[in-house]
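Take a look at the structure set out below.
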Amino acid sequence: MIFKGENTETGILNLDDLVDHEEAVEALKAKTESRNERFVSNLIEKYVDTGRSESITFSANSSNTADEVLQLEDNTYTSIIHFRRINTFPYINKFFEAVNSKLPIGGIFVTKVETNDLRKIRLMEKYPPVVNKLYYTSDFFLKRVFPKLPVTQQLYYYFTKGRNRVLSKTEVLGRLYSCGFKILEERYISNRLYIVAEKVSRTCF
């Protein structure tokens with residue numbers, strides 16, 4: 001591999017240079033991830049004392065059904081933090097209803113989602129020009145249009161089981177409101193929208 005040297009016309013990029021570059025990239029990536037984790041922690045700690053036993057946290061690898069939440073003891077937790085993306089839940093409202101049933105009035109719920117706008121940014125950055133537009137267009141029709149058409153709706157849910165949905169911010173907030181929550185804060189961190197909500201009523205369903 002050839003590069004323009006500072007004091008010579010050309011120079012040879014050796015293995016050590018490649019290793020140093022890769023290490024620098026990894027170090028920057030780790031620093032960015034650490035900073036994002038700190039941003040998430042600061043947001044949560046603004047509303048929740050995570051050190052108290054009344055707070056429970058579900059990891060990003062936890063179940064994508066409401067069952068795990070429904071197994072919690074009643075009248076035990078005042079805050080539920082769930083790091084699994086809402087997009088992966090096949091029955092989103094049932095999940096929100098389950099969280100609602102385990103929190104008291106004034107209880108805090110923290111969740112996250114990849115919105116349709118964030119998904120578009122990710123796909124456009126992932127693929128080269130032209131290809132990214134073609135991919136995004138097909139993705140839009142498959143994930144946003146097909147689920148709404150009577151002709152393709154059943155086929156779409158048969159193959160996807162309702163998982164990995166493309167959701168707009170408005171849709172997610174509307175679902176939370178309909179399930180008895182009000183939004184306290186929204187914040188974009190590391191290509192995700194984090195939402196802090198407060199239970200203000202029992203679920204309407």
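When peptides 93-103, 174-184, 148-158 are sorted by average Cβ neighbour count within 10 Å, with the highest value leading, the order is 93-103, 174-184, 148-158. The simple Förster model, with R0 at 45 Å and r as the Cβ-Cβ distance, assigns Ser168 and Ser53 a FRET efficiency of 0.80. Per residue, the convex hull spanned by the alpha carbons of segment 161-205 comes to 83 Å³.
Computed 3J(HN,Hα) for segment 53-66, one whole-Hz value per residue from the Karplus formula 6.51 cos²θ - 1.76 cosθ + 1.60 where θ = phi - 60°, is 5, 7, 10, 10, 10, 9, 6, 5, 9, 6, 4, 9, 10, 6, glycine and proline marked x. Close amide H partners of Glu185, meaning residues 5 or more places away or on another chain with modelled amide H under 5 Å apart, are Val196. Under conditions of 4 °C and 1.567 mPa s, segment 31-97 yields 97 µm² s⁻¹ as its translational diffusion coefficient, taking Rh as the Kirkwood radius over Cα pairs in the Stokes-Einstein equation. Working note: Karplus 6.51/-1.76/1.60 with θ = phi - 60° gives segment 80-85 the couplings 10, 10, 10, 8, 7, 4 Hz, where Gly and Pro are set to x.
In square nanometres and to one decimal, what's the mean projected area of the convex hull around the Cα atoms of segment 50-199?
Spelled out: convex hull of the Cα atoms, projected over all directions, averaged, 9.7 nm².
Applying 1/(1 + (r/R0)^6) with r as the Cβ-Cβ distance of Leu142 and Ala60 and R0 = 22 angstrom yields a FRET efficiency of 0.35.
Dipole magnitude for segment 50-199: computed about the Cα centre from +1 point charges on Lys and Arg Cβ and -1 point charges on Asp and Glu Cβ, it is near 640 debye.
Rank these for me by crowding, Val69, Val131, Val40, going from fewest to most other beta carbons within 10 Å.
Val131, Val40, Val69
We did not get these values from a lab; they are worked out from the coordinates using the rules stated. Remember, predicted model here, so these are calculated numbers, not experimental data. Please note: Cβ atoms are built from the backbone with ideal geometry, for glycine as well, and neighbour counts cover all protein chains shown.
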